[in-house]
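In what follows, a structure is listed as structure tokens, so that the remarks can point back to it.
Only the coordinates and a few stated rules stand behind these numbers; no lab work does. Just so it is clear, the structure is predicted and the values come from calculations on it, not from any experiment. For neighbour counting, all protein chains shown are included, and Cβ atoms are generated from backbone atoms with ideal geometry for every residue, glycine included.
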Amino acid sequence: MAEALAAEFGVQLANQLGFQSLVLEVDCLPLVEKLRHPDSIHTELGVISRRIISFLQETSSGRVDIMHARREANNAAHIMAHSETRWDSREVWIDRPPIFLVGQLILDDVTVVT
């Protein structure tokens, strides 16, 4: 569920920043399937998926891709989830990620490409 809420926040932020194209890369296959083929909204995941789809439709003036990333290609998210840093509020990094993530983001990108 945390992955769905994070995706929702990311899509909202992209919408607010006026992005015309968007790639939503998620390592939670059930969420990707719900976003690609929405059906029941009678589950918590279904409700969040519908909200994400609504935001994606607002961004539809450009290209929107929903992609499933293998977990091994998304270790930065794992590091963030298990970071000793306590996230008491939402933090947004537009241009510069926190220094403790930079190396892993580079490795994740290489893993996706290879």
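Between residue 64 and 22, the built amide H atoms are under 5 Å apart, and every one of these is 5 or more places off in sequence or on another chain.
Amide H contacts of residue 25: 67, each under 5 Å away and 5 or more positions distant or on a separate chain (H built 1.01 Å from N in the peptide plane; Pro and chain starts excluded).
For the pair residue 65 and residue 105 in one chain, pulling the backbone fully straight at 0.36 nm per residue adds 12.4 nm over the alpha carbon distance.
Which FRET efficiency, nearest 0.05, do residue 75 and residue 33 yield, Cβ-Cβ r, R0 22 Å? Between residue 75 and residue 33 the formula returns 0.45.
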